[in-house]
Amino acid sequence: MADNATLDPQDIFMSIGEIIVQGGIAEGTFVEIEYESDLFTDVVGSDGVTARAKTNDGRATVKFSVMQTSPVNGLLSALMNVDQSAPNGAGIAPLLVQNHRDGSTFFGEEAWIMKRPSVAYGNEIKIVDWEVRVGNLSFQLNGG
């Protein structure tokens, strides 16, 4: 049996609320997930005894990279603008990133657009990076 696996970018499903991030996905790395804190902090005493504390901080930043021509930009802009103008977190929505091939799943009930993306225009298609903050992102990374 071969020890080989294939990653197909089309197996990666990404959504925030009702917005499915598809159509005009950037070449190369198009989704990045980074957690805010370590799982544990630790300290060592003068006698060499180490103690650790669980941080319980599940905050993460998820970055979606799409081409500036992608219709996703308009949808994410609308979500961001609603969140800015309406009271009580109108732009907070569930976030899901899932690899349909191996079942890796990252999910958070409460996510929001963290900041406006940088915008540039030129004679080539640019990439727009959307940063989404998740209050508590579950983590299940598989392989295969």
Checklist outcome for this item: Listed by first then second residue, the pairs whose first member lies in the range 108-129 and is more than 13 Å from MET67 (Cα to Cα), whose partner is of a type in the set (Phe, Trp, Tyr) and surrounded by 11 or more Cβ atoms within 10 Å (Cβ to Cβ), with beta carbons under 7 Å and at least 6 positions apart or on separate chains, are ILE113/TRP130
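Consider LEU76 carefully, then state whether it is under 16 Å from GLN22 (Cβ atoms), in a helix (DSSP H, G or I) and in contact (Cβ under 8 Å) with a residue 12 or more places away in the chain. Before the answer, list the steps.
Values: under 16 Å from GLN22 (Cβ atoms): yes; in a helix (DSSP H, G or I): yes; in contact (Cβ under 8 Å) with a residue 12 or more places away in the chain: yes.
Judged against the criteria, LEU76 is a match.
How many residues are touching a Leu at 6+ places or on another chain (Cβ under 6 Å) and either farther than 19 Å from ILE20 by Cβ or aliphatic (A, V, I, L, M) (or both) if we restrict to the range 79-131?
Here is the first cut: in the range 79-131, the residues touching a Leu at 6+ places or on another chain (Cβ under 6 Å) are 91, 104, 106-108, 111, 130.
Remaining after also requiring either farther than 19 Å from ILE20 by Cβ or aliphatic (A, V, I, L, M) (or both): 111.
Count: 1.
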Checklist entry - If a residue has to be surrounded by 10 or more Cβ atoms within 10 Å (Cβ to Cβ), out of contact with any Ser or Thr (no Cβ under 9 Å at 6 or more places or on another chain) and of a type in the set (A, V, I, L, M) to count, how many in the range 13-50 make the cut? => result 4
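Quick note: the coordinates plus some simple rules give every number you see, no bench work behind them. Not measured: the values here are computed from a predicted model. Because the Cβ atoms are built from the backbone with ideal geometry, glycine has one as well, and the counts that use them run over all protein chains shown.
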